1. Go through the stretch 229-243 residue by residue and turn each phi into a ³J(HN,Hα) via Karplus (6.51, -1.76, 1.60, θ = phi - 60°); whole Hz please, and just put x for glycine and proline.
2. List the residues, sorted by chain then number, that are 5 or more residues from residue 232 or on another chain and whose placed amide H is less than 5 Å from its amide H.
3. Mind giving me the nanometre distance, one decimal, between the label points for residue 127 and residue 139, set 7 Å out from Cα along Cα→Cβ?
4. Go ahead and estimate [θ] at 222 nm for the chain from helices alone: -39,500 (n - 2.57) per DSSP H run with n ≥ 4, summed, over the residue count, rounded to 500.
5. Normalising by the residue count of the chain, find the relative contact order in percent from Cα pairs under 8 Å and 6+ residues apart.
6. With 30 Å as the cut-off, how large is the P(r) tail for the stretch 1-160, expressed as percent of Cα-Cα pairs?
7. For the ranges 241-251, 47-57, 76-86, 173-183, what's the packing order if you count other beta-carbon atoms within 10 Å of each residue, average per peptide, and put the highest first?
8. Which whole DSSP H helices in the chain pass both tests: a Cα extent of 15 Å or more along the axis and a mean Kyte-Doolittle value no lower than 0.0?
Amino acid sequence: MRCRVNGIHLGVDDAGHGAPLLFVHGFPHDRTLWAPQLSGLCTRCRCVAPDLRGFGESDVAEPFGMDQYADDLAGLLDARRIDRAVVIGISMGGYVSFALWRRHADRVRALVLVDTRAAADDNAARARRSDLIALAESRGAGAVADAMMTGMVGRTTRERNPDLVLALRDRFAGTPVAGLVGALRAMRDRPDSTPTLRTITVPTLVIAGEEDAIVPRREQERVSAGIPDARFAVIPGAGHVCNVERPAAFNAIVSQFLSDEGSIP
Ligand code: MLT
């Protein structure tokens, strides 16, 4: 479905009943990244998965930025009449989750931060973003997809599930260039979220794919160590999109966390 939020339309899936979970996808994905979680968790939870502006079925509309994405999520919770949700953000979705916490902490019941980092881009990373922006503008989304595919899944998935790699690549190639460029600028210019970590007072689970080649393990450990009482879990045999590479393991870890923090019986 499409839902009107902050003057634009966002694509969104809203499935199941129970404690609300809000899923925030990474770059350059869309809400379909969460299909294994929607099917696996919607029997016990209400799963809400939007396309961020510029991705999937959402409008491609300025301004782009972590704060704007976060305000869109808060607006979406209003539109779907949800007070508070467990927010599950992967990679760029984690950057958005930090912004959501800074701006709308009262909407966050708990956090699951997947394959993400708190630090801002350093100069080298900022230069790589600018290169990718130039690539997107000159050669389109397919070229960005090709440039990003190597690190997107882990070694085990590349060897054992090449069809998943092809499916992800095809999906990326359909992303509107303006949405990609907006998100690349938003990531390049995002603030350092390290000072945010110690302010997080809700139950938090940090999940790392063992073979993640995009966000090094030490960055993920820093996120976990910085948040009071956060839990840390590693999914073996999975890379940057561990939720689709090993969906059963991912869903089991999230279900245990939800049960322990009281969202599900
Ligand atoms: C993502 O998966 O969202 C991106 O790879 C994150 C990033 O490039 O910093």
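Read-outs throughout are calculated quantities, based only on the coordinates presented, and are distinct from any laboratory measurement. Everything quoted here is computed from the prediction, not taken from an experiment. A quick note on method: Cβ atoms are made from the backbone with ideal geometry, for glycine too, and the neighbour counts reach across all protein chains shown.
1. Once rounded to whole Hz, the list reads 6, 5, 9, 10, 9, 10, 9, x, x, 9, x, 5, 10, 4, 5.
2. 206
3. 1.9 nm
4. Numbers: 12 runs with 125 residues, N = 265.
So the calculated ellipticity at 222 nm is -14000 deg cm²/dmol.
5. Numbers: 549 pairs, mean separation 54.3, N = 265.
Dividing the mean separation by the residue count of the chain yields 21 percent.
6. Values: 2082 of 12720 pairs.
When all Cα pairs of the stretch 1-160 are counted, 16 percent exceed 30 Å.
7. Values: 241-251: 22.2, 47-57: 24.9, 76-86: 17.2, 173-183: 20.5.
Order by mean packing, descending: 47-57, 241-251, 173-183, 76-86.
8. Working: long enough: 66-79 (20 Å, -0.04); 92-104 (17 Å, -0.12); 123-139 (24 Å, -0.53); 141-152 (16 Å, 1.01); 162-173 (17 Å, 0.37); 177-188 (16 Å, 1.12); 247-260 (19 Å, 0.70).
Qualifying helices: 141-152, 162-173, 177-188, 247-260.
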